[in-house]
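Readers should treat all values here as calculations from the given coordinates under stated rules, not as data from a laboratory. These numbers come from a predicted model, not from an experiment. With ideal geometry, Cβ positions are generated from the backbone for all residues, glycine too; neighbour counts draw on all protein chains shown.
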Amino acid sequence: MRRFLKQNSLSIVFLLLFLGALAGQAFAGHADLNEQAIQHGDPQMSLSRYVVSSNFAVDVMENWQSEYLQFTLLILLTVWLLQRGSPESKELDKAGRESDQRQRVGAYAQQNSPRWAKVGGIRRTIYENSLVIVMGTIWLGTWFAQSVAGHVQYNSDRLDHHLDTVSWLAYIGKPDFWARTLQNWQSEFLAVGSMAILAVYLRQRGSPESKPVGAPHGATGVEG
Amino acid sequence: MGRRALLAAVLVALPLAACGTGTRERDAAAVAERFHAALERGDGATACEQLSEETASKLEQQEGKPCEQAILTLKLPKGGTAAVRRVEITSAYIGLAEGTADLLDEGPEGWRISAAGCEPGSSSDQPYDCEVEG
């Protein structure tokens, strides 16, 4: 058990941080909503109602979609794009999908390689791209969920102001949808871009996200 | 284990949320239908019980008489069947087969009408034109 916890501590700690932050968001978001309701003389909402409401869902989904987009793009773009000196980048002569030999697929698969790396055809094509397929699907799914929950919240606000509701298609052309989307995208792109550059010159001893402390600034594709 | 629990929670929560919306649409529609049925019977008191506090008090101020009398003087459908039911979080739109629509808000006492006898504004960004509203 201790060994299991130690060997999986990274995902376990992030799962706990996620659940703690999500619960915190639920409490804070609920308090904020009811504070606004009091200011407007509107009825308050219970916490149990809030956590299944579109108000909460749209706030959660807009952040989820941008995180999954960030990682999908990072995984996909680093196949071809390089950053000299960055541990986020491959070595400068390895841009592209690389040879079967380097990727250890088909005839070059090893005894302990995953089963679908050993076979050919559609199964290998799927497995070769499975990380991007799954991350990209979660991105599109959560972005769609953001649009559905955002649409409900937008229409609720319109009805509160005695305005006619709009269709989902009309909503995804509205500034509300794009403001929510882009305010998250810009921060993710900034974080990834700055990480790629800062890691050229700065170090964190012991972290695989950094180069070894003594590695030269020009060394690319080296992890500590 | 964590992932399975999360998936199970999502699979349980989604249909529950969908069911919840259907029940709430019916509840909101029932309030609107009760309101118009009361007008048909000339029962101003029951009609006013379906209005939000703010809407009833605004009506009394505008008309200078108690809500149960004032509500019977307005041009509102006498009797009505909910033909369009839309619930958006704590707001609802109930379109009547007879033509106009009612807007409702959900509070601790359930759904109450915040505006009745509403027709669309001149454009989508113009508010509804309502016979009574809070």
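Worth pointing out:
- Ranked A:D59, A:D157, criterion: other C-beta atoms within 10 Å, fewest first: A:D157, A:D59
- Cα gyration tensor shape of segment B:26-98, rounded if a/c is under 1.5, else prolate or oblate by comparing a/b with b/c: oblate
- Across chain B, the relative contact order, built from alpha-carbon pairs under 8 Å that are at least six residues apart, equals 22 percent.
- Among complete DSSP H helices in chain A, those whose alpha-carbon atoms stretch at least 24 Å along the helix's long axis and whose mean Kyte-Doolittle hydropathy reaches 0.5 are A:9-40, A:54-80.
- Derived scalar couplings ³J(HN,Hα) [segment B:119-129; Karplus, 6.51 cos²θ - 1.76 cosθ + 1.60; whole Hz; x for Gly, Pro]: 10, x, x, 5, 9, 5, 9, 9, x, 4, 9
- Interchain or long-range residues, amide H under 5 Å from B:L51's placed H: B:I113
- Between the Cα long axis of helix B:53-63 and the first principal axis of chain B there is an angle of about 20°, rounded to the nearest 10.
- Average beta-carbon neighbours from other chains, 10 Å sphere, peptide A:150-159: 5
- Think of chain A as having a plus end and a minus end, set by charges on the Cβ of Lys, Arg, Asp and Glu; of A:W185, A:S48, A:A31, A:W185 sits farthest toward the positive end of this dipole.
- The three principal axes of the C-alpha atoms in the protein assembly as shown carry coordinate ranges of 86, 47, 42 Å, sorted with the longest axis first.
- Choice from A:M61, A:M135, A:M45 with maximal GNM fluctuation in chain A (Cα, 10 Å cutoff): A:M45
- Applying the Karplus relation 6.51 cos²θ - 1.76 cosθ + 1.60 with θ = phi - 60° to segment B:74-79 yields 3J(HN,Hα) values of 7, 8, 10, x, 8, x Hz, where x marks Gly and Pro.
- Student exercise, segment A:9-124 dipole from Lys, Arg, Asp, Glu Cβ charges, in Debye to nearest 20: 1040
- Folded to 0 to 90 degrees: helix B:2-41 orientation relative to chain B principal axis, Cα: 10
- For segment A:92-224, the convex hull spanned by the alpha carbon atoms encloses 186 Å³ per residue.
- Toward the positive end of the charge dipole of segment A:81-221, with +1 on the Cβ of Lys and Arg and -1 on the Cβ of Asp and Glu, the farthest Cα among A:Q111, A:Q153, A:I138 is that of A:Q111.
- Taking the fewest neighbouring Cβ atoms within 10 Å as the starting point, the ordered list for B:L72, A:L19, A:L82, A:L10 is A:L10, A:L19, B:L72, A:L82.
- Mean projected area of the convex hull spanned by the Cα atoms of segment A:58-111, taken over all viewing directions: 5.8 nm².
- Relative contact order of chain A, pairs being alpha-carbon contacts under 8 Å that are 6 or more residues apart, as %: 25
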